[in-house]
1. For segment 3-214, what's the relative contact order in percent, using C-alpha pairs closer than 8 Å and at least 6 residues apart?
2. Given the Cα-Cα distance of residue 11 and residue 145 and 0.36 nm per residue of separation, how much length would full extension add, in nm?
3. Report Rg (one decimal) and Dmax (nearest whole number) for segment 93-218, counting Cα atoms only, units Å.
4. What is the calculated FRET efficiency for residue 164 to residue 210, with r their C-beta to C-beta distance and R₀ = 25 Å, to the nearest 0.05?
5. Return the whole-Å distance between the Cα centroid of segment 145-218 and the Cα centroid of segment 45-97.
6. In what sequence, highest mean first, do 46-56, 77-87, 157-167 appear when ranked by Cβ atoms within 10 angstrom?
7. So how do 142-155, 60-73, 168-181, 118-131 stack up, highest first, on mean other-Cβ count within 10 Å?
8. In debye, nearest 20: dipole of segment 11-138 around its Cα centre with unit charges on the Cβ of K, R (+) and D, E (-)?
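Just so you know, all these numbers are worked out from the coordinates, no wet-lab data involved. Just so it is clear, the structure is predicted and the values come from calculations on it, not from any experiment. Cβ placement follows ideal geometry from the backbone for every residue including glycine, while neighbour counts extend to all protein chains displayed.
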Amino acid sequence: MTNTKLVEETIAFVKQTLEGAEGGHDWFHIERVYKNALLIAKSEQVDTFIVSLGALLHDIADAKFYNGDETIGPKMAHGFLTLRLVDKGVITHVVNIIENISFKSSLGEASKFTSPELQVVQDADRLDAIGAIGIARAFNYGGFKNRELYNPEIEPNIQMTKAAYKKSTAPTINHFYEKLLLLKDKMNTKTGLKLAEERHGYMVGFLTQFDNEWNGKL
């Protein structure tokens, strides 16, 4: 099977698997990450085939929707690629990307795996978590989990461990301070950082406006 054909089959698999998924983690999220990853890859020395597969499969089974089980996504991706006789080295690399891409993976112990391809896909995924779309996704997920928009009595926890992050039920606004505003400085690539700076500024402006409206300021 050619690389192009496999990418096409992967797209079809992901679309079918994520049909009916929560709006911030559906096929359209995957598509945006995939497009951003290919854009960033143009300026990096990477294997675009691995970048493509990693981007398309990175959220095939997000642990948030599987009782926190972080093994399901990698297993699904491994099974899908194995059935299509993909090279074992490629499969291992893609699985490693899925296992190490998330923000919570950066909390606590340092990641045991890194590669230029992971860095590209990670930047693409983080870009989709910030800016206008990031704001929309944050509140969509907050609504999905029936969380408060904001509660002045609940302070953001910017020193969370991975375990605390996974268990958090804090208001959506707290998520900006606990994660989204931190992503710009965690970008791996120059292109990722350039794109992140504009989106970061948009979020800062939104939070200022939110605070003004919440507190009745002029």
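1. On the way: 241 pairs, mean separation 43.5, N = 212.
For segment 3-214, the relative contact order is 21 percent.
2. Values: separation 134, 0.36 × 134 = 48.24 nm, distance 2.77 nm.
Working it through step by step, the gained length comes to 45.5 nm.
3. Calculated on Cα positions, Rg and Dmax stand at 15.3, 52 Å.
4. Values: r = 24 Å, r/R0 = 0.98.
Computed FRET efficiency for residue 164 and residue 210 comes out at 0.55.
5. 28 Å
6. Working: 46-56: 23.5, 77-87: 15.4, 157-167: 13.2.
Peptide ranking by packing, descending: 46-56, 77-87, 157-167.
7. Details: 142-155: 12.6, 60-73: 15.2, 168-181: 18.6, 118-131: 25.7.
Descending packing order for the listed peptides: 118-131, 168-181, 60-73, 142-155.
8. Values: 12 positive and 17 negative charges, 23 e Å.
With only Lys, Arg, Asp and Glu charged at Cβ, the dipole is about 120 debye.
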